[in-house]
Amino acid sequence: MSTAVVIGAPGEHELVEHTPREPAAGEALVRVHAVGICGSDREVYQGNRPEGYVRYPLTPGHEWSGTVVAVGSGVPASLVGRKVVGEGFRNCQVCDRCHEGETTLCTAGYEETGFTQPGAMATTLTLPARLLHALPDDADLTAAALLEPAACIAAAALKANARPGERVAVVGTGTLGMFAVQFLKAGSPSELLVVGTRPDRAELSKKFGATDFRTRDQELPDDFDVVIETAGSASAANTAASLLRRGGRLVLTGIPAPGADGLDPTDLVVRQLEVHTVFGAPPDAWAHTVRVFGAGLLDPLPLVTHELPLDEFAQAIDLVGSGDPKVGKVLLRP
């Protein structure tokens, strides 16, 4: 039987029978292979996501991979049978931001798969075909289920514009931090430092290409060209800024709690730091991610620690919020 997870209200979910929706014009029907769970999904379940960024009842799931099984009119038939991943933001395509390629800044309002539109915690997902990115035929779909968070970090890497031979650093050692290490490593830096709070992440960081690992309580340098912050705390942002040389480039990807203290504007001005931020991933970041993944330069599988069936959604949510250092990326398999 085809099934789907439905969150009717915060803290309330059920597994229901799922009827695939046939694709309309411009749409594709995807058979879901795997779907990842992150902190945002936990926010949806607990009711902590900001108003306007979730709509109940909802089938969650914004990190996914699958295979196209049908397409609507206006979509090339050659897409059927292809392994794919897909963008989440349902941009309008006509506002000035969309025309600039900044689809995550669409002025028509926020709509995203798994938050305000049906997500991938179901046997199938129907969505606009323009959001899909085809994968190589031999792609590992389990690994590909992590390409959504990877795409967010690809957006950061593109904004950082790290050049070969530069000294680069990553603050944060979770899933996003480990993807940042891999993207920066692909750019041939002369040095790649990872800064975190967990010494046990040193081995994995170096496996992905870090040349040095330090915890935040150790002495840290202050002369890096590029730093990507992925931890989502005010202290992490300040640590990231402190690592930079004068005129260095900082990209913030984490979202601290509301009211958090910000970076010192005097320091930013005097040292002439270049600061960028990322929320989501526009099409160019997705294309970059799929290209790097297809080239074998991005390896998500070591980050996966748990794979559960769809009917163990509650257990998966608990795992994600457990704080257990042995819990990495959790996947559900419809």
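Quick look at the values:
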read-out	value
Residue list for the stretch 15-26, restricted to those being in a strand (DSSP E or B) and in contact with a strand residue (DSSP E or B) (Cβ under 6 Å, 6 or more places away or on another chain)	LEU15, VAL16
Among the candidates ALA139, ALA120, residue that is in contact with an Asp or Glu (Cβ under 9 Å, 6 or more places away or on another chain), closer than 20 Å to GLY81 by Cα, outside the structural domain of PHE183 (by TED's automatic domain parsing) and assigned to a loop (DSSP other than H, G, I, E, B)	ALA120
Subset of the stretch 278-298 (residues that are of a type in the set (A, V, I, L, M) and without any contact (Cβ under 8 Å) to a residue 12 or more places away in the chain)	ALA295
Residue check for THR59: more than 17 Å from the chain's Cα centre (by Cα), hydroxyl-bearing (Ser, Thr, Tyr) and crowded, with 16+ Cβ neighbours inside 10 Å	yes
Pair list, Cβ under 9 Å, 6 or more apart: the stretch 254-277 residue modelled with pLDDT under 95 and surrounded by 14 or more Cβ atoms within 10 Å (Cβ to Cβ), other residue assigned to a loop (DSSP other than H, G, I, E, B) and of a type in the set (S, T, N, Q)	GLY254/THR230; GLY254/SER233; PRO256/SER233
Some residue of the stretch 94-105 being among the basic types (Lys, Arg), outside any loop (DSSP other than H, G, I, E, B) and free of Cβ contacts under 8 Å to residues at least 24 places away in the same chain	yes
Top-ranked residue in the stretch 1-52 [being over 20 Å from the mean Cα position of the chain (by Cα) and among the charged types (D, E, K, R); ranked as modelled with the lowest pLDDT]	GLU51
Unmet criterion (only one of (1) charged (D, E, K, R); (2) within 30 Å of GLN218 (Cβ to Cβ); (3) within 15 Å of the chain's Cα centre (by Cα)) for ARG167	(3)
Check on GLY172, more than 12 Å from ILE153 (Cβ to Cβ), within 20 Å of the chain's Cα centre (by Cα) and buried (at least 22 other Cβ atoms within 10 Å of the Cβ)	no
Residue ID - farthest from PHE183 (Cα to Cα), chosen from residues in the stretch 263-284 that are in contact with a Lys or Arg (Cβ under 9 Å, 6 or more places away or on another chain) and hydrophobic (A, V, I, L, M, F, W, C)	VAL270
Pair list, Cβ < 6 Å and 6+ apart or interchain, from the stretch 65-89 residues that are assigned by TED's automatic domain parsing to the domain that holds ILE37 to residues that are of a type in the set (D, E, K, R)	GLY66/ARG31; THR67/ARG31; THR67/LYS83; VAL68/ARG82; VAL69/ARG31; GLY72/GLU27; GLY88/GLU112; PHE89/GLU112
Positions within the stretch 1-47 being surrounded by fewer than 16 Cβ atoms within 10 Å (Cβ to Cβ) and free of Cβ contacts under 8 Å to residues at least 12 places away in the same chain, in sequence order	GLU12, GLU14
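The values are calculated or read from the model by the stated rules, or taken from the named source; none is laboratory data. Everything numeric in this text was worked out from a predicted model, so none of it was measured. Cβ sites come from the backbone with ideal geometry, for glycine too, and all protein chains shown count toward neighbours.
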